[in-house]
Amino acid sequence: MNIDWSKIGIAFAAAAFAGCIAYFGQPYIHDNSQAIGVMVTVFSVLAGFLIAIIAIVGDPALLPPGTWRAAEIERSQVKQRLARHKWLFVTYLLTLGVIFLSLLIEQHFPTFSLWLERVFLFLGTFAFILSLRLPSALMRAQMDRIDMVIEHRRGQATHQNSN
C-alpha cells in the first residue's frame with residue numbers, strides 16, 4: 001500500500017486548525033441561529049455535490065477502453081478516490097447530525113450542548129478545508145480519463161497505419 005504523506009500532513013494540519021476554530025469559535029456560534037443555518041445549508045449542498053462526484057467518479061462507463069488489465073488498474077485508483085469521498089460525505093452527515101443533536105438538547109443539557117457546538121464546529125471546519133480539494137480532484141480524474149482515451153485512440157491509429 002502506498003501512503004501519501006502529504007495528504008496525511010494536510011489532514012493533520014486541517015484537524016489542528018479545526019480544533020482551534022472549534023475551541024475559540026464556539027462563543028460565536030452559540031445562540032447564533034443564522035450561523036447555524038448557514039452551516040446546515042452549506043453542508044447539505046456539499047453533500048449533494050459530493051454524491052454527484054461519487055456518481056461521476058464511479059461510473060463504469062468511464063473506465064479506459066482496452067484490455068481488462070487496464071480497467072483493473074484504473075479500478076484500484078477509482079476505489080481509493082471513492083473511499084476518500086465516502087469518508088468526506090460521512091463527515092458532512094456527522095456535522096449535520098451533531099448540529100441537529102445540539103439544537104435538540106440545548107434547553108435540557110446546556111453544558112453538553114456547548115461541547116456539541118465545539119464538535120460540530122470542528123467537524124464543519126475540518127470537512128470544509130478538505131472539501132477545497134474536491135474541484136481539483138474531479139478535474140484531475142476527468143483529465144486522466146481524457147488522457148487515457150486519447151492514448152487508446154493514438155494506439156488504434158498507430159495500429160491502423162501499420163496495417
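Nothing in this text is a laboratory measurement; each read-out follows from the coordinates by a stated rule. Given the structure is predicted, the values throughout are model-derived calculations rather than measurements. Virtual Cβ from ideal backbone geometry, glycine too; neighbours counted across all protein chains shown.
Across the chain, Cα-Cα pairs more than 21 Å apart make up 57 percent of the total. Spin-label model, W5/V45: points 7 Å from Cα along the beta carbon direction are separated by 3.8 nm. Helix content alone sets the calculated 222 nm mean residue ellipticity of the chain: runs of n ≥ 4 DSSP H residues at -39500 (n - 2.57) each, divided across all residues, give -30500 deg cm²/dmol.
Taking Lys and Arg as +1 and Asp and Glu as -1, the other residues whose beta-carbon sits under 13 Å from that of G25 total 0. I want the local charge near R140. Using Cβ-Cβ distances under 13 Å, sum +1 for each Lys or Arg and -1 for each Asp or Glu among the other residues. That works out to +2. The stretch between Q160 and Q142, if pulled fully straight at 0.36 nm per residue, gains 3.8 nm over its current Cα-Cα span. Each other residue within a Cβ distance under 15 Å of Y92 adds +1 if Lys or Arg and -1 if Asp or Glu, for a net charge of +3. Taking the centroid of alpha carbons for each part, segment 1-44 and segment 93-160 are 12 Å apart.
Among 99-109, 31-41, sorting by the average number of other beta carbon atoms lying within 10 angstrom of each residue, highest first, gives 99-109, 31-41.
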